[in-house]
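Remarks on the structure that follows.
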Amino acid sequence: MVAAIAAPACATTAVTTPAARFWEENLPGTPMPPTIAELVQKGTDHSPLKQPSSSPQVYQPDACLGYSYRITCSPSAAVAATGVFFRQENVALGSVMTVHFPPVDLPAILPRADAEKAPFANVSDVLATFSIASGSSRESNVRTTISACQAPPLAGERKTCATSLEGAVRAAARMLGTSAARLSVAASALTPREGLPRQEYEVVTVAPLGGGRHVTCHDDPFPYAVYRCHMEKEASTEAYVLTLRGLQYGSGAPVVVDMVAVCHLDTSNWSSAHPAFETLNLRPGGAPVCHFMPYADLLFTEKAANA
């Protein structure tokens with residue numbers, strides 16, 4: 001089993017990348033999640049600024065984690081197929097859910113110096129720089145992410161978009177009103193190259209995370225990693241690490257994975273068109289909506305006073 005609270009990143013990444021050095025200096029004693037370390041190294045070794053990607057686009061659940069639904073999103077059928085959204089009663093030992101995250105080729109996390117020079121807000125510049133065809137699904141993703149970043153926050157919400165890992169960490173510390181050294185970080189233990197096979201999974205452990213103050217940073221679809229970080233009003237979210245164990249394993253070992261999950265207790269200001277409501281047969285302001293944090297998403301909380 002791989003823990004959702006990150007295991008140590010490889011020594012090579014820690015030594016050779018500015019982002020990893022920043023992480024070690026500013027979050028002492030908090031290892032970088034392995035998936036994040038890989039994407040940091042990818043941004044150094046295979047920068048999309050030098051080697052534009054032509055990978056086919058697949059459904060990324062993060063595209064639907066825009067709560068006001070001011071942005072485009074995959075149809076409810078695609079959302080339901082992943083199991084990314086679920087009801088709070090599923091946060092319980094013995095609960096069974098069907099979950100599936102397809103393998104993806106995630107965009108690289110650029111070094112901060114490169115990210116500061118890369119185009120972002122201007123769609124035409126982004127399309128030209130990364131050789132993205134007009135009318136393609138990749139263009140749609142670019143427009144979706146820019147729109148989500150430019151949309152005003154919900155009432156009581158704080159939000160920003162960061163184009164570097166350093167920016168995401170600083171944004172989380174600022175929203176929580178603490179220093180980076182006081183941050184606790186959690187990420188789901190999904191491997192993007194492998195994904196999570198479609199099957200029923202049983203919840204075998206439930207571990208709460210960080211009280212009611214959380215900053216979630218979603219890795220939105222873009223040619224390079226763009227983190228949409230936000231924090232809702234206090235006591236409006238609950239977060240957990242859920243250990244899922246696959247129930248279809250025959251004579252082999254079952255799939256076991258730790259997943260970070262967030263439950264939104266107040267959805268009264270969400271759009272009624274949000275796909276979570278149709279998927280779960282809920283309505284705005286009704287029962288809480290929970291979702292998994294897929295792939296390279298990060299959840300930040302403040303460490304306990306005695307930690």
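Values in this text are rule-based calculations from the coordinates and carry no lab data. These figures come from a predicted structure and were not determined experimentally. Counting neighbours? That spans all protein chains shown, and the Cβs are built from the backbone with ideal geometry, glycine included.
Summary table
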read-out: ASP125 paired with VAL206, simple spin-label distance in nm, labels 7 Å along Cα-to-beta-carbon; value: 4.8
read-out: Whole-number D in µm² s⁻¹ for the chain, Kirkwood Cα-pair radius fed into Stokes-Einstein, 20 °C, 1.002 mPa s; value: 109
read-out: Student exercise, the chain dipole from Lys, Arg, Asp, Glu Cβ charges, in Debye to nearest 20; value: 360
read-out: Residues ILE109, ILE36 arranged by fewest to most Cβ contacts within 10 Å; value: ILE36, ILE109
read-out: Label-point separation in nm, ASN306 to LYS50, each point 7 Å along Cα→Cβ; value: 5.0
read-out: Reach of LYS42 by Cα under 28 Å, taken over lysines that are not fewer than 8 positions away in the same chain; value: LYS50, LYS117, LYS159
read-out: Whole-Hz couplings from phi, Karplus 6.51/-1.76/1.60, listed for the stretch 40-48; x for Gly and Pro; value: 5, 5, 4, x, 8, 7, 9, 4, x
read-out: Cα→Cβ-extended label distance, 7 Å offset, between GLN150 and ARG87, nm; value: 4.0
read-out: Cut-off under 5 Å, modelled amide H: who pairs with MET32 long-range; value: ALA9
